[in-house]
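The values are calculated or read from the model by the stated rules, or taken from the named source; none is laboratory data. Note that the coordinates shown come from a computational prediction; the quantities given were computed from them, not determined experimentally. Ideal geometry is used to build each Cβ from the backbone, glycine not excepted, and the neighbour counts take in all protein chains shown. Quick note on the areas: whole protein, heavy atoms, side chains included, nothing else; ligands and nucleic acids left out. Shrake-Rupley method; radii C 1.70, N 1.55, O 1.52, S 1.80 Å.
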2 protein chains.
Amino acid sequence: MANSPTGDSVTDRLVRVLETFTPSRTVQTAAEIGRRSGLPRSSAHRIVGELIDAGLLERDDDRRIRIGMRLWELATRSSQALRLRQAALPAMERVQARIREHTQLAVLEQDEALFLERLSGPTSGSNVTRIAGRLPLHASSSGLVLLAYGTRDLQERMLAGRLPRLTAETIADPTALRRKLAEVRTLGHAVAQGSIELVSTGVAVPVRDETGTVVAALSVVLPRDAPTAAALDELHRGRREIERTLGVRS
Amino acid sequence: MANSPTGDSVTDRLVRVLETFTPSRTVQTAAEIGRRSGLPRSSAHRIVGELIDAGLLERDDDRRIRIGMRLWELATRSSQALRLRQAALPAMERVQARIREHTQLAVLEQDEALFLERLSGPTSGSNVTRIAGRLPLHASSSGLVLLAYGTRDLQERMLAGRLPRLTAETIADPTALRRKLAEVRTLGHAVAQGSIELVSTGVAVPVRDETGTVVAALSVVLPRDAPTAAALDELHRGRREIERTLGVRS
């Protein structure tokens, strides 16, 4: 496939176009896509045209451009994201019905926690998580679980890198983070108080597949000073249910 | 972007690779993808390699290839599919909890009904619908609603085309279909008994956005001879709730 003068492949350029769409930027003009993708204008224009012809992007009534249903369909119908989410949904609904706070499922993706599902009720508190959105591993309870049970490579890479503070309570020190990860493994769950938003506390447990590998984190987001015991009980009940669906023998 | 000798664009070839993945075919070898895409082997191989490098495809532990979380993320995070599904989920959960049968949300996509969501309970009956799967417009209750409220163009195209029989009760005659569509518009809902599977009956209602356009169908799948009145009441209550969330004034 023809590469550009800068050496990136056509697929790379296509990804750069798709990356300009975010949860808070769902429709754009062709010119905006071109500018935000950083691609030469003619190249961006051509890719957008091809993506529209293929149905992967769509024009709305104002001729602005958005992600097409066809792209969602192709990306979803055979995805692990759908398989995991389907395995988890009944358990998540029960956790949400009992705890009445945000109930979430996350996986590890490119050194971050990627959220596959979030269920919320009308009385649930503050929460920044979005479906198909991400949070840093060192700051979120889901991320701490995914990191604590991740590979040694991943852990060392994160501990050696930047640990940005999202709030005054985010763990930003490698020694403290190493201690926290050991604690998560000992307890079998992560509690992250105020580290994403000061007003809330995340509680997360690992979900394993039939090989014993941690494939996801199941979590709830509670008001900061809420007791965590009942949530933990429900999360463990929920993750056992998900693990049974994934074929884990108990 | 360089076109192939057959004149299809790189985007077209990329779509042909992605299309080889289906709900029942979630992992494949590179050779299988090459064969099923119908692309020259070297071309398929190069595209698969680029998609893996970009994270849009992933290798599993056996080096077989599957859809990547990154593709799901890019296709989902700003999609209309997610927006509609999020608007509909609380209402769908209530319908499912009360009727205790499959509860579904579908949109029109390339002359078929594309299902964005499906909620099912442990006691729900037979159902062929899958999330990100499709059903024909003339056979499913969701499809009949989307067709009845679709454009004249769409209706004439469908009425002039093939109307395949999925069961002995699928409407396969254009005159009968035209009559059925008029009935759907008069009643404000569609009942499709035995037309997808003989053992079940679909019941669907239209969901409108703030401009009055029908943007989705909300449906339940009942055992064939179950009464439909309670389901219809719940569906109308549910679709009003979704429409309020979408900004429709009642």
Condition check for A:I171: β-branched (V, I, T), in a loop (DSSP other than H, G, I, E, B), free of Cβ contacts under 8 Å to residues at least 24 places away in the same chain and touching a helix residue (DSSP H, G or I) at 6+ places or on another chain (Cβ under 7 Å): no
Residue check for A:E109: farther than 14 Å from B:P90 by Cβ, of a type outside the set (A, V, I, L, M) and out of contact with any His (no Cβ under 8 Å at 6 or more places or on another chain): yes
Total residues in the stretch B:18-52, condition under 25 Å from A:I52 (Cα atoms) and in contact (Cβ under 8 Å) with a residue 40 or more places away in the chain: 3
The stretch A:53-78: number of residues that are in contact (Cβ under 8 Å) with a residue 12 or more places away in the chain and in contact with a Pro (Cβ under 8 Å, 6 or more places away or on another chain): 0
Failed criterion for B:V95 (all others in (1) within 25 Å of B:L144 (Cβ to Cβ); (2) at the interface with chain A (Cβ under 7 Å from one of its Cβ atoms) hold): (2)
Checking B:Q86 against (1) touching a strand residue (DSSP E or B) at 6+ places or on another chain (Cβ under 8 Å); (2) at pLDDT below 95; (3) at the interface with chain A (Cβ under 10 Å from one of its Cβ atoms), the condition it does not meet: (1)
Qualifying residue in the stretch B:17-34 (condition: within 9 Å of chain A (Cβ to nearest Cβ), part of a helix (DSSP H, G or I) and either under 28 Å from A:V27 (Cβ atoms) or open to solvent by 10 Å² or more (accessible area, probe 1.4 Å) (or both)): yes
Residue within the stretch B:153-162 that is away from chain A (no Cβ under 11 Å), of a type in the set (D, E, K, R) and on the phi > 0 side of the Ramachandran plot present: no
Breaking point among (1) hydrophobic (A, V, I, L, M, F, W, C); (2) under 15 Å from the mean Cα position of the chain (by Cα); (3) away from chain A (no Cβ under 14 Å), for B:L105: (3)
Selected residue (criterion: nearest to the other protein chains (Cβ to nearest Cβ)) from residues of the stretch B:122-143 that are of a type outside the set (S, T, Y) and touching a His at 6+ places or on another chain (Cβ under 8 Å): B:N127
Any strands (runs of 3 or more DSSP E) falling wholly within the stretch A:69-155 and containing at least 3 residues that are open to solvent by 10 Å² or more (accessible area, probe 1.4 Å): A:134-136
Condition met for B:R134 (assigned by TED's automatic domain parsing to the domain that holds B:A204, of a type in the set (D, E, K, R), within 23 Å of B:Q86 (Cα to Cα) and in contact with a Pro (Cβ under 6 Å, 6 or more places away or on another chain)): no
Checklist (1) touching a helix residue (DSSP H, G or I) at 6+ places or on another chain (Cβ under 7 Å); (2) without any contact (Cβ under 8 Å) to a residue 40 or more places away in the chain applied to B:I99, failing item: (2)
Residue match in the stretch B:164-179 (condition: touching a strand residue (DSSP E or B) at 6+ places or on another chain (Cβ under 6 Å), surrounded by 13 or more Cβ atoms within 10 Å (Cβ to Cβ), at pLDDT 95 or above and not β-branched (V, I, T)): no
Flag for A:D12 being acidic (D, E) and part of a loop (DSSP other than H, G, I, E, B): no
Flag if A:I33 is farther than 30 Å from A:G247 by Cα and touching a strand residue (DSSP E or B) at 6+ places or on another chain (Cβ under 8 Å): yes
Residues within the stretch B:221-250 that are within 18 Å of B:G188 (Cβ to Cβ) and of a type in the set (K, R), tallied: 4
Residues of the stretch B:38-54 satisfying the condition of being part of a loop (DSSP other than H, G, I, E, B), open to solvent by less than 40 Å² (accessible area, probe 1.4 Å) and either more than 7 Å from chain A (Cβ to nearest Cβ) or closer than 14 Å to B:R13 by Cβ (or both): B:L39
Every residue from the stretch B:63-82 that is at pLDDT 95 or above and more than 7 Å from chain A (Cβ to nearest Cβ): B:R64, B:I65, B:G68
